Amino acid sequence: MSAQSQRVGRLSAAERAQYASNGYVVREAAFDADECARIIDASEELVDRLVRHRQGQRVKVSNYVFDSDYANGVVIKWEGDSDIVHGIEPFAHLSPALKTWGYDARFVEPMKDIIGHEQLELFTEKLNLKRPRHGGVNPLHQDYPYWIHPAENAEEVATAMLFLDESNIGNGCLFVIPGSHRAGMWKTRTDGDRFAANEVDASAYPNEKPVPLEVPAGTVVFFGPMLVHQSAQNFSDQQRRALLYSYQPAGRRTQLEAFRASRKPG
């Protein structure tokens with residue numbers, strides 16, 4: 001398999017083995033600098049628009065500050081009480097350009113092998129921003145507990161994370177625990193509120209050491225909902241922006257639909 005086809009097509013035998021063993025696959029240089037710049041422009045336009053029209057209905061939950069915008073079907077995660085955005089989910093319905101990118105073959109084709117279905121749709125989408133000197137911590141966790149509407153089968157949802165900037169330890173790269181997906185649900189915290197209870201209780205796993213994934217811009221990391229991962233604060237002067245597209249078999253309920261249905265009357 002050529003380097004170019006490996007960046008675009010289905011998983012190779014080696015990648016299948018790596019995914020089964022480690023719980024993730026890394027494809028570097030899947031997107032070039034021009035493509036990343038175009039995706040960044042669309043992402044920043046969306047962020048600017050949401051900040052301009054912010055709802056001002058912030059709620060502090062655990063160590064996070066959220067703004068649930070039901071009219072637009074999106075949750076904004078703020079960096080504390082500032083107007084600096086840490087994350088947005090979901091977002092594809094708010095940006096035709098970003099939705100189109102979400103169905104790029106470089107995401108979808110490998111996902112067919114990971115999920116085991118030929119017809120896939122977006123389940124949810126997340127834009128993670130770690131602004132220079134501001135980007136906060138994403139604690140040790142698995143994705144599955146956070147979803148409003150869990151999949152019928154956890155293994156039938158998986159995520160492709162596209163790094164739009166170089167990602168390193170200094171600017172808050174992704175850390176993973178290889179093979180952690182094989183243990184199912186990990187023990188979670190019991191010393192905080194209901195949202196904190198989604199986080200992995202790191203004290204229960206003193207011998208587990210997350211390893212950093214330092215990757216160049218344009219890299220895609222594929223992983224499932226049970227992979228234990230985290231990221232640190234951005235202490236650098238660099239941006240660390242990433243799009244996370246999560247996929248499921250076509251025809252299933254999406255996170256957007258579940259979010260809208262969760263709104264209490266009145």
At q = 0.11, 0.13, 0.17 Å⁻¹, the log10 of I(q)/I(0) for the stretch 25-183 from a Debye sum over equal Cα scatterers comes to -0.49, -0.70, -1.27
The chain, dipole about Cα centre (Lys/Arg Cβ +1, Asp/Glu Cβ -1), debye to the nearest 20 | 520 debye
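How big is the Cα convex hull of the chain in projection, averaged over all directions, in nm²? Could you put the intermediate results ahead of the total?
Numbers: hull surface 55.7 nm².
The orientation-averaged projected area of the Cα hull of the chain comes to 13.9 nm².
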Hand me the tally of lysine pairs in the chain: alpha carbons under 21 angstrom apart, and the pair either on different chains or 8 or more positions apart.
-> 12
For the chain the mean separation of alpha carbon contacts under 8 Å (6+ apart) over residue count, i.e. relative contact order in percent, is 28 percent
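Taking the Cα centre of the stretch 181-266 as the origin, how large is its charge dipole in debye, to the nearest 20, when only Lys and Arg (+1) and Asp and Glu (-1) carry charge on their Cβ atoms?
In total the dipole reaches around 480 debye.
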Under 12 Å from the Cβ of A97, count the other residues' Cβ atoms, weight Lys and Arg +1, Asp and Glu -1, and hand me the total.
-> -3
The long-range amide H neighbours of H86, using H built 1.01 Å from N in the peptide plane and a cut-off of under 5 Å, are K77, W78, E79
222 nm mean residue ellipticity, helices alone, for the chain (DSSP H n ≥ 4; -39,500 (n - 2.57); rounded to 500) | -7000 deg cm²/dmol
Calculate the all-directions average of the projected area of the stretch 33-79's alpha-carbon convex hull, and give it in nm².
-> 4.1 nm²
Above 23 angstrom, tally the Cα pairs of the stretch 1-84 and express them as a % of all pairs, no decimals.
-> 52 percent
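Given the alpha-carbon gyration tensor of the stretch 164-203, what are the semi-axes of its equivalent ellipsoid in whole angstrom, ordered largest first, with each equal to the square root of 5 times an eigenvalue?
On the way: eigenvalues 122, 49, 14 Å².
Ellipsoid semi-axes (Å, largest first): 25, 16, 8.
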In the chain, taking the dipole from +1 charges on Lys and Arg beta carbons and -1 charges on Asp and Glu beta carbons about the Cα centre, the listed residue (T159, A197, I115) farthest towards the positive end is A197
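Just so you know, all these numbers are worked out from the coordinates, no wet-lab data involved. Quick caveat, the model's predicted, so the values are computed rather than measured. For neighbour counting, all protein chains shown are included, and Cβ atoms are generated from backbone atoms with ideal geometry for every residue, glycine included.
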